[in-house]
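Everything on this sheet refers to the single structure shown next.
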Amino acid sequence: MPKKKLSIRIDGELINAVEGQTILQAAKANGKYIPTLCDLEGLTPVGACRLCIVEVSGTDRLFQACTTPIQDGMSVITTSARLTHDRRISLELLFVERNHVCAVCVSNGRCELQSLASAMGISTVRFAYNYPKLGVDLSHPRFVLDHNRCILCTRCVRVCADLEGAHVWELTSRGIHSRIVSDLNQRWGDSRSCTNCGKCVQACPTGALAEKGYAVEEMVKRTDNISSLVERREVQV
Amino acid sequence: MKKVKVATVWLDGCSGCHMSLLDMDAAIISLAQKIDLVYGPLVDAQEFPEDVDVTLVEGAVSSHDDVNKLQKVRQRTHLLISLGDCAVTGNVPAMRNSIPVNKLLQRIYVEGAQEGKVVPTDGVPALLKQARPLREFVKVDMCLPGCPPPAKTIAAVISDLVDGKKREAGYAVKFG
Ligand code: SF4
Ligand code: SF4
Ligand code: FES
């Protein structure tokens, strides 16, 4: 059965969309930009980072574009002072929560967190830095997990479960204590379910997951490979 | 035209920001005609002068000495700029922040030393528990992140200020 056509407005412009699409999908299909961080095309959206928030007429609540399905007649605003203010705060909190020393990071210059901050003109944060003591897991023969740079977007969790089917990664604890863990909180190198495919590394938007042997600025991620792999396998979830 | 009084200060940083400042090629010549560099590692002055128009501070605040210097600089400066990631975020100097100071000094000067295994105390300022950004100690008027900030950006900021244009935003910014 063909999907029902819906019409919505994005920033005032009338757009034809298809039932079942999220606001983000409808926006992308029509060339409208909404900033995202935890979203990766092909993976189940979870709404972890709150960067993609939009205004919807008729309500004061903000909605995450990546997880909110469109409705007929919906009118969406993607840019406003309020949205910029809130998105900025979300980004600033990510910076103060862990230790992002971009100058010595493998992903410097190619990091999605860093480039969003630049795009939003963030020259400083308003909160006190947390400077937590966090570990680096070097036990895997090919890859590194550096918690100092993890933004808990769960792309690694999702790509490993949705695409590789290995379910190595999970989130543990809550709030500020949340961490990414492999298997039942074992060292990555001791994981028996990890297939060494490296999809999590490619999907990670920051320098938290990287290949060994790369120095500052050298780690190039291929998130496009993840998305095209999903497309080819038709595992659209 | 009265020259604009500019100072630079070097706290806990690697001097890379100062190198970047010098790296602005020919722009430095026209700038030099409009500014008086009144204090900093690049000039001789011993005491931080009164009534400075613009001060660029490189480095994180890491010691009691840094705090005192910074407070004096703030009192005597009209416009204070955090220059570079160390001044803005703590950056590399702040990587020690989760290690207790005595353990850190012990590790470096005793366990890690080949000879003269003793933690220096004479003539060196006592470290703060953590290295932290300037704005956690004093009011900062503008931040220029980067490790180091590009020479072009520094040049643009200074010449805009000299020409009386204080642009709050609009400069390209990037951490790292
Ligand atoms: S992951 Fe690396 S490049 Fe990205 S913001 Fe963190 S430290 Fe900077
Ligand atoms: S390791 Fe990378 S992909 Fe996984 S949650 Fe952290 S930032 Fe996201
Ligand atoms: S992209 Fe929608 S919440 Fe992260």
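Below are the figures for this structure:
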{"read-out": "Check: the stretch A:102-236 dipole with +1 on Lys, Arg Cβ and -1 on Asp, Glu Cβ, in debye", "value": "220 debye"}
{"read-out": "Extension gain, B:Asp141 back to B:Val110 (0.36 nm per residue minus Cα-Cα distance, nm)", "value": "7.1 nm"}
{"read-out": "Inter-site label distance for A:Asp86 and A:Lys4 at 7 Å from Cα along Cβ, in nm", "value": "2.7 nm"}
{"read-out": "Charge dipole of chain B about the Cα centre (unit charges at C-beta), most positive-ward option of B:Leu42, B:Ala172, B:Val57", "value": "B:Ala172"}
{"read-out": "Accessible area expressed per residue, the stretch A:5-79, with surrounding protein chains retained (probe 1.4 Å, Å²)", "value": "48 Å²"}
{"read-out": "Translational diffusion of the stretch A:140-219, µm² s⁻¹ [Kirkwood Rh, Cα pairs; Stokes-Einstein; 20 °C; 1.002 mPa s]", "value": "168 µm²/s"}
{"read-out": "Charge context of B:Arg132, other residues only, Cβ under 14 angstrom, K/R +1, D/E -1", "value": "-1"}
{"read-out": "Net charge contributed by nearby residues that have their C-beta within less than 15 Å of B:Ser20 (K/R +1, D/E -1)", "value": "-2"}
{"read-out": "Relative contact order (percent, whole number), the stretch A:5-79, Cα cutoff 8 Å, 6+ residue spacing", "value": "40 percent"}
{"read-out": "35 Å tail of the calculated P(r), the protein assembly as shown, as % of Cα pairs", "value": "40 percent"}
{"read-out": "In the stretch B:1-69, trypsin sites (Lys or Arg not before Pro) in a DSSP loop with at most 13 other beta-carbon atoms within 10 Å", "value": "B:Lys2"}
{"read-out": "Dipole moment magnitude, nearest 20 debye, the protein assembly as shown about Cα centre, only Lys, Arg, Asp, Glu C-beta charged", "value": "700 debye"}
{"read-out": "Of all accessible heavy-atom area on the protein assembly as shown, the percent that carbon and sulfur account for (1.4 Å)", "value": "52 percent"}
{"read-out": "Cα-Cα separations in chain B greater than 29 Å, expressed as whole percent", "value": "24 percent"}
{"read-out": "Sequence of B:His18, A:His85 from largest to smallest accessible area, 1.4 Å probe", "value": "A:His85, B:His18"}
{"read-out": "The stretch A:54-124 versus the stretch B:1-54: alpha-carbon centroid distance in Å", "value": "37 Å"}
{"read-out": "Other protein chain Cβ atoms within 10 Å, averaged over every residue that makes up A:103-112", "value": "3"}
{"read-out": "Reduction of at least 10 Å² in accessible surface, 1.4 Å probe, comparing all protein chains with the chain by itself, residues of the stretch B:88-106", "value": "B:Val88, B:Thr89, B:Asn91, B:Val92, B:Ala94, B:Met95, B:Asn97, B:Ser98"}
{"read-out": "Packing rank of A:39-48, A:147-156, A:53-62, B:132-141, where each peptide gets the mean count of other beta carbons within 10 Å, highest leading", "value": "A:147-156, A:39-48, B:132-141, A:53-62"}
{"read-out": "Accessible surface buried upon B-A contact (total; probe 1.4 Å; Å², nearest 100)", "value": "1700 Å²"}
{"read-out": "Whole-number accessible area per residue in Å² for the stretch A:102-236, which is evaluated in the context of all protein chains at 1.4 Å", "value": "48 Å²"}
{"read-out": "Unit charges at the beta carbon, dipole of the stretch A:1-112: most positive-side option, A:Gly20, A:Ser90, A:Pro35", "value": "A:Gly20"}
{"read-out": "FRET efficiency, A:Ala215 to A:Arg174 (Cβ-Cβ, R0 45 Å, nearest 0.05)", "value": "0.80"}
{"read-out": "Whole-angstrom gap from the stretch A:161-227 to the stretch A:1-49, using each part's C-alpha centre", "value": "27 Å"}
{"read-out": "Shielding by partners, peptide A:122-133 (average Cβ within 10 angstrom, other chains)", "value": "6"}
{"read-out": "Charged-residue dipole, Cβ positions (Lys, Arg, Asp, Glu), the stretch A:55-169 about Cα centre, Debye nearest 20", "value": "340 debye"}
{"read-out": "Highest average packing first - A:223-233, A:26-36, Cβ atoms within 10 Å", "value": "A:26-36, A:223-233"}
{"read-out": "At most 15 other Cβ within 10 Å, DSSP loop - GluC sites (Glu not before Pro), the stretch B:22-106", "value": "B:Glu47, B:Glu50"}
{"read-out": "Farthest toward positive dipole pole in the protein assembly as shown [+1 Lys/Arg, -1 Asp/Glu at C-beta], among B:Ala7, B:Leu128, B:Ile99", "value": "B:Ile99"}
{"read-out": "Positions from the stretch B:130-176 whose accessible area shrinks by 30 Å² or more when the full protein complex is built, not the chain alone, probe 1.4 Å", "value": "B:Arg132, B:Arg135, B:Cys143, B:Val173, B:Lys174, B:Phe175, B:Gly176"}
{"read-out": "Neighbour net charge for A:Ala17 - beta-carbon separation under 15 angstrom, K R +1, D E -1", "value": "+2"}
{"read-out": "Which of A:Arg222, A:Arg98 is most accessible, then next, and so on - probe 1.4 Å", "value": "A:Arg222, A:Arg98"}
{"read-out": "Accessible heavy-atom area order of A:Leu83, B:Leu161, highest first, probe of 1.4 Å", "value": "B:Leu161, A:Leu83"}
{"read-out": "With DNA, RNA and ligands ignored, accessible area of A:Tyr131 (1.4 Å probe; Å², nearest 10)", "value": "20 Å²"}
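The values are calculated or read from the model by the stated rules, or taken from the named source; none is laboratory data. Remember, predicted model here, so these are calculated numbers, not experimental data. Glycine gets a Cβ as well: all are built from the backbone with ideal geometry, and neighbour counts include every protein chain shown. Just the protein is used for accessible areas: all its heavy atoms, side chains included, with ligands, DNA and RNA removed. Shrake-Rupley method; radii C 1.70, N 1.55, O 1.52, S 1.80 Å.
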